[in-house]
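The values are calculated or read from the model by the stated rules, or taken from the named source; none is laboratory data. These figures come from a predicted structure and were not determined experimentally. Cβ atoms come from the backbone with ideal geometry, glycine included; neighbour counts cover every protein chain shown. Side chains are part of the model used for accessible areas, which takes the heavy atoms of the whole protein and leaves out ligands, DNA and RNA. Shrake-Rupley method; radii C 1.70, N 1.55, O 1.52, S 1.80 Å.
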Amino acid sequence: MRWLRRNIIVLLALIILLPAIGIAGCWLWLRSGLPRLDGTVTLPGLTAPVEIATDRHAVPHIFAQSQEDAYFALGYVHARDRMWQMDFNRRIGAGRLSELIGSAGLHYDRLMRVLGFQASAESSVQALAPEVRRALDSYTAGVNAWLDTRSGPLPLEFQVLGYTPEPWKPADSLIWGKLMAFQLSGNYNDELLRARLMQKFPADTIRQMYPDYPATAPVTLAADLADVNFDRLHAALPPPLGTATASNEWVVSGERSGTGKPILVNDPHLQLGAPSLWYLARIEAPGLSLVGATVPGVPFHVLGRNDRISWGFTTTGSDVQDLYVERLDPNDSERYLTPDGPRAFDRRTETIKVKGAADEQLVVRTTRHGPVLSDVEPRALQAAPEGHVISLAFTGLSDRNTTAEALWRLNRAPDWEGFKAALRLIQAPQQNIVYADVQGNIGFYTPGLVPVRRKGDGSIPVPGWTDEYGWTGAIPFEELPQAFNPPSGRIVNANNRVVDPEYRWFLTNQWDDWYRAARIEQVLDASRRHDVAAAESLLKDTVSLAAKDVLPLMLRIQAASPAGKAALDMLRGWDGTMARGRAEPLIYEWWARELNCGLYADELGNLFPNIWSASPRLVLHILTRERQWCDDVTTPDHNETCDDVLRSSLDRALAILTERHGPDMAKWRWGMEHRAPLAHQVLSKVPVLKVLFDIGIETDGGNHTINRGGSNIRDENTPFSHIHGAGYRAIYDMSDPANSRFMISTGQSGNPLSSHYGDLVEHWRDGQHFTITGTLEQVTSDGLGRLTLRPD
């Protein structure tokens, strides 16, 4: 019996220890692939040694003896720290997700193949100036040098998905720009939505749903398009890439900064995730001194400063996409009609490899307007009536796109004239770009191609067989919105309207809400000095002017329950600050969400989820001017008032919150719902790994605060999850450029096993920043290591 007990104990120990040993061994093996940050590496492709000093925040400071070697080194460190992110992004743009994840990737793969981003990127490389192509080649060589000489296993994502990345190509670096242009210019979805509404509602109803829509803008489809099934087309297309876009930027003159030179501030808001989209880097080489935000896979600084100027971006939101319903030749379905007679489609066949399944053949057709979007899926093709297809015109589809060259030249621009010369090459996406320089100048420009239409405003699909709605060109560069040293001494944009109604050219009918811009201006105008410290404070601001705007209308009711009375009392004493530790933002946001449902879900039916928005515009419009919407059309009496809807929506919101967080209202906190998950695109979908690598954190802010905590209220489970916001923040001090401040949302490394995967999360949440400066020796002495790249 003693022998039996001893062997059972040994067996149990082995059962427990062996998996633990295996897991530990696997962990150590994966960690052996973490990059070395010091020592010497010999690599082919360099012309001279390059020093890379990594500071304590894991930011590489690249000191090179030529610009080509600097780009080589940037490619090397991008691959070293973010190779999986780079590879995944190029696969999305090339329409090659299905190779990794099977048929689940086909939805996006088909769309990307129809759009033709891969071929367009390859052609665009040839449109760039020779010096820009050399920079792309050097960067590519650096990426491939890491792939060829790395030691240890590839990062965890490659192990989970079971593949090895292919060599990098120059065209791969341009695909990100194509994806970003498409994400920031998604007007065709709005066209589809408006067309679907027009097929179900009268013109007056549609005008009421779009309170800022110009009175003269069309609200009726052309008679020829009445039979198009826009519902089916919408259902067949994949959802937009990422959530809605928003950003902040402002610049003040030296007089207003108190330093004698401008302060420029920028925090672009995009989809949040891990790793962050942005990667901080510094380059010092002859004729090139750069600090700021790069995107892994792209060799040029997208946002940042050189030694003479600084710049920042927000999205303009101009309408640069149009849907055309094309009529087929009744005698030959391989041709479509044009004003000059039938024309043959340009055709190509795309082969999509699908993991675990047979390859798929996709025939892609292109018209004079652009690719046939209804070819994405059979049910999309069936959306058009027999004898028709639907094509997409988009400024970002050019195969001669020079936007990458614009960035290359922007990185070197010494002054306002050089800045404008660089921006002239931007095609897509159109951006609002603020400017400051060491001479004390400030400026603003909105470069990019914006179509000039012969007729219409691009808000709805139009017939494609005539030239009636054709594009006749683009707004001249010289006539795009711009400003230089305005008398006010400040320039502010937060995706709000950039031109007044008298502006000659048409940009869009849909401007973003003005609340963030109004709050920035309010704070700037309240102080005579806006230095770096003041800029940091304003970036953290969480006052919601939207809540202050709509809440007085909501608070006019008398509560129907003790809980409702307590909630109203709390909200009446609230200052609109969206702090994660307070209950008022949680109550207000849930109430506003339920109020939206109560006001117009009954009228819109299955279209409600597409209109449902966190913007208070429609709510304000209904409560102040179109109160007939408060009546519930699904009830027999049809006599509900706005006060009825306000009371019932408050009761629903409180019931939901009680179920989710308990009955004690004093214990509720906004942070219970408002949490930035910072999810990984793959690992967060694996149950154990999701928990193991969770770097999510409770945050302040909301959809309308400067410190933006954007969420998707249409999400049934986590409608206030902080999924959209400032992944990058920067403050540029032109009186002392080295004093400029930076922050990203996660960490520099994309490897979940690295200590720098999420080490910046709390600093980001708390509104902290750091400088990126110092000599090679200073950075080395205070940093994590110094790596020398030597030519082979």
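For a quick check of your reading of the model, give me the residue pairs whose first member lies in segment 396-407 and is free of Cβ contacts under 8 Å to residues at least 60 places away in the same chain, whose second is assigned to a loop (DSSP other than H, G, I, E, B) and open to solvent by 30 Å² or more (accessible area, probe 1.4 Å), with beta-carbon atoms closer than 6 Å and at least 6 apart or on different chains.
ALA406/LEU425
I'd like the residue in segment 515-549 that is more than 20 Å from THR699 (Cα to Cα) and touching a helix residue (DSSP H, G or I) at 6+ places or on another chain (Cβ under 6 Å) and, out of all such residues, is least open to solvent (accessible area, probe 1.4 Å).
HIS530
The conditions are (1) under 30 Å from PRO461 (Cβ atoms); (2) surrounded by fewer than 22 Cβ atoms within 10 Å (Cβ to Cβ), and VAL160 fails exactly one of them. Which is it?
(1)
Here are ASP531, ASP500, ASP525: which of them is in contact (Cβ under 8 Å) with a residue 12 or more places away in the chain, on the phi < 0 side of the Ramachandran plot and among the charged types (D, E, K, R)?
None of the others qualify; the one that does is ASP531.
Looking at GLN510 and the list (1) at pLDDT 95 or above; (2) open to solvent by 30 Å² or more (accessible area, probe 1.4 Å), which single condition is not satisfied?
GLN510 satisfies all of (1) at pLDDT 95 or above; (2) open to solvent by 30 Å² or more (accessible area, probe 1.4 Å) except (1).
Using beta carbons and a limit of 8 Å, which pairs, at least six apart or on different chains, have the first residue in segment 99-120 and touching a residue at least 60 places away in the same chain (Cβ under 8 Å) and the second one part of a helix (DSSP H, G or I) and surrounded by fewer than 17 Cβ atoms within 10 Å (Cβ to Cβ)?
LEU100/LEU161; ILE101/LEU161
Which members of segment 455-472 meet the condition of being in contact (Cβ under 8 Å) with a residue 60 or more places away in the chain and farther than 19 Å from LEU328 by Cβ?
If the condition is that a residue be in contact (Cβ under 8 Å) with a residue 60 or more places away in the chain and farther than 19 Å from LEU328 by Cβ, then GLY456, ASP457, GLY458, SER459, ILE460, TRP471 are the ones that fit.
I'd like the full set of residues that are closer than 19 Å to ALA127 by Cα and small (Gly, Ala, Ser), limited to segment 421-439.
Answer for segment 421-439, where residues must be closer than 19 Å to ALA127 by Cα and small (Gly, Ala, Ser): ALA421, ALA422, ALA428.
Which condition from (1) hydrophobic (A, V, I, L, M, F, W, C); (2) touching a His at 6+ places or on another chain (Cβ under 9 Å); (3) within 30 Å of GLY440 (Cα to Cα) is the one that VAL376 breaks?
(3)
Run THR164 past the list (1) within 17 Å of THR42 (Cα to Cα); (2) at pLDDT 95 or above; (3) outside any helix (DSSP H, G or I) and report the number of the one that doesn't hold.
(1)
Could you identify the single residue in VAL325, VAL291, VAL298 that is in a loop (DSSP other than H, G, I, E, B), within 30 Å of LEU480 (Cα to Cα) and touching a His at 6+ places or on another chain (Cβ under 9 Å)?
Values: VAL325 fails: in a loop (DSSP other than H, G, I, E, B); VAL291 fails: in a loop (DSSP other than H, G, I, E, B).
VAL298 is the lone residue from the list that is in a loop (DSSP other than H, G, I, E, B), within 30 Å of LEU480 (Cα to Cα) and touching a His at 6+ places or on another chain (Cβ under 9 Å).
Filter segment 228-269 down to the residues that are at pLDDT 80 or above and polar (S, T, N, Q) and list them by number.
ASN229, SER247, ASN248, SER253, SER257, THR259, ASN266
Identify, from the list ILE706, ILE695, the residue that is touching a Ser or Thr at 6+ places or on another chain (Cβ under 9 Å), in a loop (DSSP other than H, G, I, E, B) and open to solvent by less than 20 Å² (accessible area, probe 1.4 Å). Walk me through it before giving the result.
Numbers: ILE695 fails: open to solvent by less than 20 Å² (accessible area, probe 1.4 Å).
Of ILE706, ILE695, the one residue that is touching a Ser or Thr at 6+ places or on another chain (Cβ under 9 Å), in a loop (DSSP other than H, G, I, E, B) and open to solvent by less than 20 Å² (accessible area, probe 1.4 Å) is ILE706.
Taking ASP651 and the conditions (1) touching a Phe, Trp or Tyr at 6+ places or on another chain (Cβ under 8 Å); (2) open to solvent by 50 Å² or more (accessible area, probe 1.4 Å), which numbered condition does it fall short on, given that it satisfies the others?
(1)
Here is a yes/no grid of residues against (1) surrounded by fewer than 20 Cβ atoms within 10 Å (Cβ to Cβ); (2) at pLDDT below 95; (3) in contact with a Cys (Cβ under 9 Å, 6 or more places away or on another chain):
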{"site": "ASP643", "(1), (2), (3)": "yes, no, yes"}
{"site": "ARG647", "(1), (2), (3)": "yes, no, no"}
{"site": "PRO663", "(1), (2), (3)": "yes, no, no"}
{"site": "LYS690", "(1), (2), (3)": "yes, yes, no"}
{"site": "PHE720", "(1), (2), (3)": "no, no, no"}
{"site": "ILE723", "(1), (2), (3)": "no, no, no"}
{"site": "GLY727", "(1), (2), (3)": "no, no, no"}
{"site": "MET734", "(1), (2), (3)": "no, no, no"}
{"site": "ASN739", "(1), (2), (3)": "yes, no, no"}
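Filter segment 671-692 down to the residues that are assigned to a loop (DSSP other than H, G, I, E, B) and either over 20 Å from the mean Cα position of the chain (by Cα) or of a type in the set (Asp, Glu) (or both), then identify the one that is farthest from ARG519 (Cα to Cα).
The extreme case among them is VAL686.
What residue, among those in segment 332-350 that are buried (at least 18 other Cβ atoms within 10 Å of the Cβ) and of a type in the set (A, V, I, L, M, F, W, C), is farthest from THR466 (Cα to Cα)?
Ranking the qualifying residues of segment 332-350, first place goes to PHE345.
Would you point out the residue of segment 482-491, among those that are surrounded by fewer than 23 Cβ atoms within 10 Å (Cβ to Cβ) and in contact with a Phe, Trp or Tyr (Cβ under 7 Å, 6 or more places away or on another chain), that is nearest to ASN248 (Cα to Cα)?
Among them, the one singled out is ARG490.
When VAL389 is evaluated against the numbered criteria (1) touching a strand residue (DSSP E or B) at 6+ places or on another chain (Cβ under 7 Å); (2) within 23 Å of HIS107 (Cβ to Cβ); (3) surrounded by fewer than 21 Cβ atoms within 10 Å (Cβ to Cβ); (4) not small (Gly, Ala, Ser), which criterion, by number, is the only one it fails?
Of the numbered conditions (1) touching a strand residue (DSSP E or B) at 6+ places or on another chain (Cβ under 7 Å); (2) within 23 Å of HIS107 (Cβ to Cβ); (3) surrounded by fewer than 21 Cβ atoms within 10 Å (Cβ to Cβ); (4) not small (Gly, Ala, Ser), the odd one out for VAL389 is (3).
Exactly one condition in (1) more than 24 Å from LEU553 (Cβ to Cβ); (2) in a helix (DSSP H, G or I); (3) within 31 Å of the chain's Cα centre (by Cα); (4) at pLDDT 95 or above is not met by GLU659; state its number.
Evaluating GLU659 over (1) more than 24 Å from LEU553 (Cβ to Cβ); (2) in a helix (DSSP H, G or I); (3) within 31 Å of the chain's Cα centre (by Cα); (4) at pLDDT 95 or above leaves (3) as the failure.
Identify, please: which residue in segment 575-591 is part of a helix (DSSP H, G or I) and open to solvent by 20 Å² or more (accessible area, probe 1.4 Å) and is, among those, farthest from ALA666 (Cα to Cα)?
Looking at the filtered set, the residue picked out is GLU589.
For segment 739-764, give me each residue that is of a type in the set (A, V, I, L, M) and closer than 17 Å to PRO60 by Cβ.
Result: MET743, ILE744, LEU760.
If the Cβ limit is 7 Å and pairs must be 6+ apart or interchain, which residue in segment 775-788 that is part of a loop (DSSP other than H, G, I, E, B) pairs with which residue that is among the β-branched types (Val, Ile, Thr) and open to solvent by less than 70 Å² (accessible area, probe 1.4 Å)?
Sorted first by the residue in segment 775-788, then by its partner, the pairs are GLY783/THR54; LEU784/THR54.
Against the conditions (1) assigned to a loop (DSSP other than H, G, I, E, B); (2) of a type outside the set (Val, Ile, Thr); (3) open to solvent by 10 Å² or more (accessible area, probe 1.4 Å); (4) under 30 Å from THR775 (Cβ atoms), where does GLY747 fall short? Just the number, please.
Status for GLY747: all satisfied but (3).
How many of the residues in segment 351-379 are open to solvent by 40 Å² or more (accessible area, probe 1.4 Å), assigned to a strand (DSSP E or B) and touching a residue at least 24 places away in the same chain (Cβ under 8 Å)?
Residues of segment 351-379 that are open to solvent by 40 Å² or more (accessible area, probe 1.4 Å), as a first pass: 351, 353, 355-361, 363, 368, 378-379.
When the remaining residues are screened for being assigned to a strand (DSSP E or B), the result is 351, 360-361, 363.
Then keep just the ones that are touching a residue at least 24 places away in the same chain (Cβ under 8 Å); that gives 360.
Residues in segment 351-379 being open to solvent by 40 Å² or more (accessible area, probe 1.4 Å), assigned to a strand (DSSP E or B) and touching a residue at least 24 places away in the same chain (Cβ under 8 Å): 1 in total.
Could you list, in sequence order, the residues of segment 278-290 that are out of contact with any Pro (no Cβ under 8 Å at 6 or more places or on another chain) and buried (at least 24 other Cβ atoms within 10 Å of the Cβ)?
Hits for segment 278-290 are TRP278, LEU280, ILE283.
Report, by residue number, each residue of segment 419-438 that is in contact (Cβ under 8 Å) with a residue 24 or more places away in the chain and either basic (Lys, Arg) or surrounded by fewer than 20 Cβ atoms within 10 Å (Cβ to Cβ) (or both).
LYS420, ARG424, VAL438
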